[in-house]
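Inspection log for the structure reproduced underneath, given as structure tokens.
Please treat every number below as a calculation from the coordinates, not as lab data. What you see is a predicted model, and the numbers here were worked out from it, not measured in a lab. Using ideal geometry, Cβ is built from the backbone for each residue, glycine included, and neighbour counts are taken over all protein chains shown.
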Amino acid sequence: MHHSYIAFAIPMFLFFMGVEYWYSKRKGKNFFQFAESVANINVGIAERLMDVFTIVPFYYFFNFIYQHYALLTIEPTWYTWVLLFLATDLVWYFYHRFAHEINILWAAHIVHHQSEDFNYTASARITVFQASVRCLFWAVLPLIGFPPIMISTFLLIHGIYPFFIHTQTIGKLGFIEKFMVTPSHHRVHHSSNPQYLDKNYGDVLIIWDKIFGTFVEEKEQPVYGLTKPINSYSFLWQHFHYVLELAVAFKKAVGFKQKWKVIFGSPNNIDPNIRTALEKVFLRNKVATQPTKAHQHYIIAQTTITLVALFWLVYNYVALQIPTISFTTVLIIISVINTGAILEQQSWIFYLESMRFFIFLYWIWYAYPTFYTAFIILLLVVTIMYYFRPMERSYKKILYH
Ligand SMILES: [Zn+2]
Ligand SMILES: [Zn+2]
């Protein structure tokens, strides 16, 4: 097998995002904000990219546990498939609940909840850290004795189903609401209304929330996002602000018990003022002028190219050489950081642009190491260095007023 057909999930998800966008526009609803959707998709791009590297090690990890420590021998029959479905969904429930209740796990999951829009793009908002934590929880399944090949099948379902519950276009679903997780249930989960906080953790079945007392029905209009809004589209800030908050809280905490609580205690006990103080340090380079039309076009073009590059990488991964994989990965990561920085209007944006360009040139040199390429690359580098300031000025002028 030279191609990975899982890559087609990318255009499939994009297609449904497009349909939802078209439908909500037609109904006159404002479910999509430009910057929010772009930020969501960019977080998703990084996660899919990193999945390429984590999927195989995790399969081996499951296999290793299964081969050495499996408690039971489970053969694939219809009822063991049903049992596995229930088991994966129950494990998800606890993974998700702990991800909200324990600081160190919330540091990975928080990114999923930063979006103040609730639409299909929000479902893409997962990080590789979150995906890895989830896999660690799932390790209990091969330990029980479920064969890894069976588990992988269900991981696919758990990868696809949640996408469809991130929408405001579908109302309540009658009888289905009783046992399945529906968009209505998940809207509650993504809200910061006090009565909706830390509720409806289920993935496919809502029964676990009903059994363990975390179920709430959607009654009043949800307000989406974190209780203390994120206020930033910076890719790095979104991923690491909570880790920084924990680091500060840890440093401030006195004694073992307090420090332990910072790592394994509840997110409710972390002082929100820590973030305000950190924002003053890390988000101070914003230019804050009015974005131009070109700003939007540039972001759309950049995100589209990044998505195509991601699809190409995932689809051809098996057949590609390590240098090609490395260059593409680095360029995609810089591009998602770049998009966030443009949305944020960070003053250092042109340095990042130049760095990406230089890496790209280096790749060309790597692929075609001839005298002529060296000459052209050198010429380009010298020109950019010499005209750096004027180029930076016109770049910013084109993107922002
Ligand atoms: Zn959650
Ligand atoms: Zn969600």
Going by amide H atoms built from the backbone, whose H comes under 5 Å of the H on LEU205, apart from near neighbours? VAL181
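Can you tell me how the range 293-399 classifies by the Cα gyration tensor, rounded, prolate or oblate, using a/c under 1.5 as the rounded cut?
Oblate.
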The range 235-282 - charge dipole about Cα centre, Lys and Arg +1 at Cβ, Asp and Glu -1, debye rounded to 20: 220 debye
In the range 1-102, what chymotrypsin sites (Phe, Trp or Tyr not before Pro) fall in a loop by DSSP, with at most 11 other Cβ atoms inside 10 Å? none
With charges set only on the Cβ (+1 for Lys and Arg, -1 for Asp and Glu), what does the dipole of the range 5-212 come to about its Cα centre, in debye to the nearest 20? 500 debye
Honestly the range 5-212 on the Cα gyration tensor test (a ≥ b ≥ c root eigenvalues; a/c under 1.5 rounded, otherwise a/b vs b/c for prolate or oblate) is just prolate
Would you work out if the chain is rounded, prolate or oblate? Take a ≥ b ≥ c from the square roots of the eigenvalues of the alpha-carbon gyration tensor; rounded if a/c is under 1.5, else prolate when a/b is larger than b/c, oblate otherwise. prolate
Taking the dipole of the chain about the Cα centre (Lys, Arg +1; Asp, Glu -1; charges at Cβ), the one of GLY174, LEU136, PHE98 that reaches farthest to the positive side is PHE98
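Are there trypsin sites (Lys or Arg not before Pro) in the range 208-313 that DSSP puts in a loop and that have at most 13 other Cβ atoms within 10 Å, and which ones?
Working: sites: LYS210, LYS219, LYS251, LYS252, LYS257, LYS259, LYS261, ARG275, LYS280, ARG284, LYS286, LYS293; in loops: LYS219, ARG284.
Passing sites in the range 208-313 are LYS219, ARG284.
Past 26 Å, Cα to Cα, is the threshold; run LYS25/LYS172; LYS257/LYS280; LYS27/LYS396; LYS27/LYS199 against it and keep the listed order.
From the list (LYS25/LYS172; LYS257/LYS280; LYS27/LYS396; LYS27/LYS199), the Cα-Cα distance tops 26 Å for LYS257/LYS280; LYS27/LYS396; LYS27/LYS199.
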Stretch gain in nm, segment ILE160-LYS397, where the contour uses 0.36 nm per residue and the Cα spacing is subtracted: 81.2 nm
At 0.36 nm per residue, minus the direct Cα-Cα distance, what do SER347 and TRP365 gain on full extension? Give it in nm, one decimal, please. 3.5 nm
Sites ASN231 and ASN30 - FRET efficiency at Förster radius 25 Å, r taken between beta-carbons, to 0.05: 0.80
Take ARG389 and ILE176, extend 7 Å from each Cα along the Cα→Cβ direction, and tell me the distance between the two endpoints in nm. 6.2 nm
